[in-house]
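Down below is the structure, laid out as structure tokens.
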Amino acid sequence: TSVLFLTLLLLFLALFPGAFSCCMKISDEISKGILRRVERFEIQKAGGLCHLEAVILYMKGRKFCVNPWNRKVGKMMKMKMKMKMKHKIHRSKPHVRKQRRTRRTK
């Protein structure tokens, strides 16, 4: 029976990889220090396997689940998105006009 249970558990994890990464509770308050050190964030929608709306903040291997309606979190997300867009713009190669090659005739 334990082999059957393990097999079913592995099958469940393969079919639903996000099932155990859902936020089960959220914090309404988050310090500015943590918000400054956020490396990336994800938005968790209510529905499917996760039953709670949340913003998941990642920093140095740690994960924080916060209220998506928190003003400080909303400002941080907007700032991060703007910075990401700036990086994409600056990383693009400048448009360089190629010179036409002219044939030399002998």
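Residue pairs exceeding 18 angstrom between C-alpha atoms, taken from 32/78; 32/63; 45/80: 45/80.
A 1.4 Å probe run over the protein chains yields, for the range 25-91, 80 Å² of accessible area per residue, whole-number rounding. Cα gyration tensor of the range 25-91, axes a ≥ b ≥ c as square roots of the eigenvalues: rounded (a/c below 1.5), prolate (a/b > b/c) or oblate? Since a/c reaches 1.5 and a/b is larger than b/c, the shape of the range 25-91 is classed as prolate. Ranked by the mean number of other Cβ atoms within 10 Å per residue, highest first, peptides 63-72, 39-48 order as 63-72, 39-48.
The values are calculated or read from the model by the stated rules, or taken from the named source; none is laboratory data. Predicted, not measured: the structure shown is a model, and the values here were computed from it. Neighbour counts are summed over all protein chains in view; Cβ atoms, including those assigned to glycine, are modelled from backbone coordinates with ideal geometry. Side chains are part of the model used for accessible areas, which takes the heavy atoms of the whole protein and leaves out ligands, DNA and RNA. Shrake-Rupley method; radii C 1.70, N 1.55, O 1.52, S 1.80 Å.
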